[in-house]
Every structure is written in C-alpha cells, then in structure tokens.
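Worksheet: one structure, shown below.
The values are calculated or read from the model by the stated rules, or taken from the named source; none is laboratory data. It should be emphasised that the depicted structure is a prediction, and the values quoted were computed from it without experimental measurement. Cβ placement follows ideal geometry from the backbone for every residue including glycine, while neighbour counts extend to all protein chains displayed. Each accessible area value is taken on the protein alone, full model and side chains, heavy atoms only, with ligands, DNA and RNA left out. Shrake-Rupley method; radii C 1.70, N 1.55, O 1.52, S 1.80 Å.
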Amino acid sequence: MRKNVINFIFTTLMAVTLSQLLPWWSVMIAGFIASLIIELKKLAVFFIPFSAILCYWSLYAFILSSANDFILAKKIAVLLSLSDNHYLLILVTGVIGGMAAGVAGILGKQIKNVIS
C-alpha cells in the first residue's frame, strides 16, 4: 500500500515537472520511470500511473477551462458528440492521459523484469 502511494505521488510530481518542458507524451515518461524505480505488483502497475495522470490531467484541464468559463471546452465537446457536456470532455481527457501513462507503466515493469 505504501509503495502505491509513493508511486502515485512520484508519478504525479514527475508528470507536472516534465509537462512544463515536453509535450503531452511526457506523462508516458513519468509512468515509465516511476515503474522502473518503484516496484508495483499485478494490476497496480497499470492503475497507479493511470489514476495519477487521470487526476492530474483532469484537474489541470478543469483549471485551464474554468479560466475562460469553459467556452472552448463546450465547443470541443460538441465536436466530439459529447452533447455540450464539458465535464465529460474533461473526464475523457483524463482517461486518455491515464491510459497512456498506465501502458507506459506496464512497459517500465516489463523492461525491469527483462533486465533483472
């Protein structure tokens, strides 16, 4: 349980730091490196980086969108057939980022297993 919390915090902090320097795929680097450094078991290898980036991207998207009263988010939600629901768009954004980080976390665990 303790490793899960440490990995969650480490992944989030690394993603925040890397996203200032790199494009959107920096969350994959964060999930990959966190899984190399902090060993997780079974499904936690996917779900800890997934939930860390889901929370980070959803919160970040909400903060950015609330600055302009969700005008752009509402328009994008209409384009994606989300029925003008900007909150659902923010959730979808978080899930996509979380899936990218989760898959990168699995890759990090597999590479660590191959090396050792």
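Here are the numbers for this structure:
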item: Residues satisfying the stated conditions in segment 94-105, i.e. β-branched (Val, Ile, Thr) and open to solvent by less than 70 Å² (accessible area, probe 1.4 Å); result: 95
item: Index of the failed condition, residue 50 passing every other in (1) under 23 Å from residue 116 (Cα atoms); (2) at pLDDT 95 or above; (3) not aliphatic (A, V, I, L, M); result: (1)
item: Test for residue 91: is it of a type in the set (A, V, I, L, M), open to solvent by 50 Å² or more (accessible area, probe 1.4 Å) and not in a helix (DSSP H, G or I); result: no
item: Residue match in segment 26-40 (condition: among the aromatic types (Phe, Trp, Tyr) and free of Cβ contacts under 8 Å to residues at least 60 places away in the same chain); result: no
